[in-house]
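Chemist: Below is a structure I'd like to ask you about.
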Amino acid sequence: MPIYHKITINGKVFFREFDSTRGYYENEMLTEAELIEQLLGEVVESEIEIDESEVERAIYSIPSPFQREMVQKYINYLEAVVESLE
């Protein structure tokens, strides 16, 4: 993972990649938004879209009440895990 230094010039914040093995900066200076976009592009493997109404319809279509409840509890658990990471 590259190393970046935060550089403030006349009150404006930029980020510049630093090569610690050579002791040099790369040429491009990035804004915070550009850096975030670049880093997310490097680490995000896939994108998943969830339509909650489709999920609800799918759960409702499960014939067994026990299995419907089990799926709903698992979804609630996953939502709690996601919320705890925020």
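The values are calculated or read from the model by the stated rules, or taken from the named source; none is laboratory data. The model shown is predicted, which means the values in this text are computed figures rather than measured ones. The accessibility values were calculated without ligands, DNA or RNA, using every heavy atom of the protein model including side chains. Shrake-Rupley method; radii C 1.70, N 1.55, O 1.52, S 1.80 Å.
Chemist: Across region 57-86, what is the total count of residues that are open to solvent by 100 Å² or more (accessible area, probe 1.4 Å) and assigned to a helix (DSSP H, G or I)?
Modeler: Selection size over region 57-86: 9.
Chemist: Continuing with this model, one more query. When the residues of region 1-51 are filtered to those that are modelled with pLDDT under 95 and of a type in the set (Gly, Ala, Ser), which remaining residue is farthest from Glu79 (Cα to Cα)?
Modeler: Gly23
Chemist: Restrict the check to region 30-44 and report whether at least one residue is in a strand (DSSP E or B) and open to solvent by less than 70 Å² (accessible area, probe 1.4 Å).
Modeler: Scanning region 30-44 turns up at least one residue that is in a strand (DSSP E or B) and open to solvent by less than 70 Å² (accessible area, probe 1.4 Å).
Chemist: Before we move on, is Glu54 assigned to a loop (DSSP other than H, G, I, E, B) and either open to solvent by 90 Å² or more (accessible area, probe 1.4 Å) or at pLDDT 95 or above (or both)?
Modeler: For Glu54, the condition - assigned to a loop (DSSP other than H, G, I, E, B) and either open to solvent by 90 Å² or more (accessible area, probe 1.4 Å) or at pLDDT 95 or above (or both) - is not met.
Chemist: Ok, one more. I'm told Gly11 meets every condition in (1) within 20 Å of the chain's Cα centre (by Cα); (2) open to solvent by less than 80 Å² (accessible area, probe 1.4 Å) except one. Can you identify the failing condition by its number?
Modeler: Condition not satisfied by Gly11: (1).
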